[in-house]
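The structure under discussion appears below in the form of C-alpha cells.
The values are calculated or read from the model by the stated rules, or taken from the named source; none is laboratory data. Keep in mind that what you see is a predicted model, and the values were worked out from it rather than measured. Because the Cβ atoms are built from the backbone with ideal geometry, glycine has one as well, and the counts that use them run over all protein chains shown.
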Amino acid sequence: MRNRVREQRTQRGLSQAELAAAVGVSRQTVISIESGRYLPSLPLAFTIARFFDLTVDKMFDPDDGEEGA
Amino acid sequence: MMTFITPRLRKPAVYALAGVLFAAAWLVRGGPLWWVSIMAVIGTAVGAVRLYRQGGTDTDEGARAGSRADERQQLISLRSRALACNLAAVTSFIGLTVAIAVKATWGWPFLVTFLITGYGYLLGLGNYGVAEEGTPDDADTGRQKHSPVS
C-alpha cells in the first residue's frame, strides 16, 4: 500500500519527529509508515489524514498492490 | 497500582520487584549458597538502572522500556510475546514426549508448562471475543431464506 505521508510532510516542512508528536506516535513509527513497512490502524490513519486535511483514501492508496505489515 | 508510578519507572519497578523476590528465595533457602541472594540484588539494581536509562532513549526499545510504546511498538511486543509462548509450548511438548519415552520422573514441569500455555491460549480466545459472534440482523434471520449463490 502506497501512502503520501512523506510527500505531505515535506510539503509542509515538517520533520518526522514533529509529525510524530502531532499525531501521537514515535518517530520510528512515522519512518515505518512512510517506508510502507507498517500499515497504521484505522484510528491512526484517520488522525494522520485529518492532520494533513485530507481524506484517508487520498492519504493511503490501497490499489498499489503491495501488502504491508 | 501501576498508574501511581510514572510510566518510565514502571518496567524498572517490576524488574526490581522480581529481582528482590528471586534474591529473597535464595536467602530463605539458606545454606552455603546464601550469597547468591546478594549477587541477585546487585544484578537487579544494575538491570533496573539500565532499564530506566534505556527508557529515556529515542528508540523502539526505549519506548517499550519507558512504557510509552505506540501502536506499532505494542504490536511488535505482542508478536514477540506470542512467539515466546509458541516456543514455550513446543519446547514443553518435546520435553514431555522425551520424558515419557525415557520413563523419566522429571517430565511434570513440561506437562505443567504445556497445560498452562494451552489453557492460556483458550483463555485468550474467550477473553478477546472469538466466542462473541453477535446476533444476526434482519437480513440473516428470515428474510434471506436461501444462500445468495443458490
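Among residues of region B:40-67 that are under 20 Å from A:ILE31 (Cα atoms) and within 11 Å of chain A (Cβ to nearest Cβ), those with a beta-carbon under 7 Å from a residue that is of a type in the set (Gly, Ala, Ser) and part of a helix (DSSP H, G or I) at least six positions away or on a different chain give the pairs B:ARG64/B:SER77. Suppose the filter is within 14 Å of chain B (Cβ to nearest Cβ) and among the charged types (D, E, K, R); does A:ARG9 pass it? No; evaluated as a whole, the condition is false for this residue. Any residue in region A:18-31 that is facing another protein chain (nearest Cβ under 7 Å) and surrounded by 15 or more Cβ atoms within 10 Å (Cβ to Cβ) sitting within a Cβ distance under 8 Å of a residue that is basic (Lys, Arg) and in a helix (DSSP H, G or I)? List the pairs, counting only those 6 or more apart or interchain. Qualifying pairs under 8 Å: A:VAL25/B:ARG72; A:SER26/B:ARG72; A:GLN28/B:ARG72; A:THR29/B:ARG72. None of B:VAL90, B:VAL98 is free of Cβ contacts under 8 Å to residues at least 12 places away in the same chain, away from every other protein chain (no Cβ under 14 Å), touching a Gly at 6+ places or on another chain (Cβ under 9 Å) and over 27 Å from B:VAL20 (Cα atoms) except B:VAL98. Scanning region B:40-67 for residues that are surrounded by 13 or more Cβ atoms within 10 Å (Cβ to Cβ) and part of a loop (DSSP other than H, G, I, E, B) yields B:GLY55, B:THR59, B:GLY66, B:SER67.
Out of everything in region A:32-43 that is loosely packed, with under 14 Cβ neighbours inside 10 Å and not aliphatic (A, V, I, L, M), what residue ends up being farthest from the other protein chains (Cβ to nearest Cβ)? Can you show your working first?
Of all residues in region A:32-43, those loosely packed, with under 14 Cβ neighbours inside 10 Å come to A:35, A:37, A:41-43.
If we keep only those that are not aliphatic (A, V, I, L, M) as well, we get A:35, A:37, A:41, A:43.
Values: A:SER35: 12, A:ARG37: 9, A:SER41: 6, A:PRO43: 8 Å.
In this case the residue turns out to be A:SER35.
Looking at region B:2-19 only, could you name the residues that are surrounded by fewer than 16 Cβ atoms within 10 Å (Cβ to Cβ) and free of Cβ contacts under 8 Å to residues at least 40 places away in the same chain? Within region B:2-19, B:MET2, B:THR3, B:PHE4, B:ILE5, B:THR6, B:VAL14, B:LEU17, B:ALA18 qualify.
For the condition loosely packed, with under 12 Cβ neighbours inside 10 Å, within 13 Å of chain A (Cβ to nearest Cβ), under 25 Å from A:LEU39 (Cα atoms) and free of Cβ contacts under 8 Å to residues at least 24 places away in the same chain, what is the one hit in B:ARG72, B:ARG79? Steps first, please.
Working: B:ARG72 fails: loosely packed, with under 12 Cβ neighbours inside 10 Å.
Just one listed residue meets the conditions, B:ARG79.
Going residue by residue through region B:28-39, is there one that turns out to be at negative phi, within 14 Å of another protein chain (Cβ to nearest Cβ) and in a helix (DSSP H, G or I)? Looking for residues that are at negative phi, within 14 Å of another protein chain (Cβ to nearest Cβ) and in a helix (DSSP H, G or I), one finds none in region B:28-39, hence no. The set of residues from region B:105-126 being of a type in the set (A, V, I, L, M, F, W, C), modelled with pLDDT of 95 or more and either surrounded by 12 or more Cβ atoms within 10 Å (Cβ to Cβ) or within 20 Å of the chain's Cα centre (by Cα) (or both) comprises B:PHE110, B:LEU111, B:VAL112, B:PHE114, B:LEU115, B:ILE116. Scanning region A:44-66 finds no residues that are buried (at least 17 other Cβ atoms within 10 Å of the Cβ), within 14 Å of another protein chain (Cβ to nearest Cβ), closer than 20 Å to B:GLY62 by Cα and not polar (S, T, N, Q).
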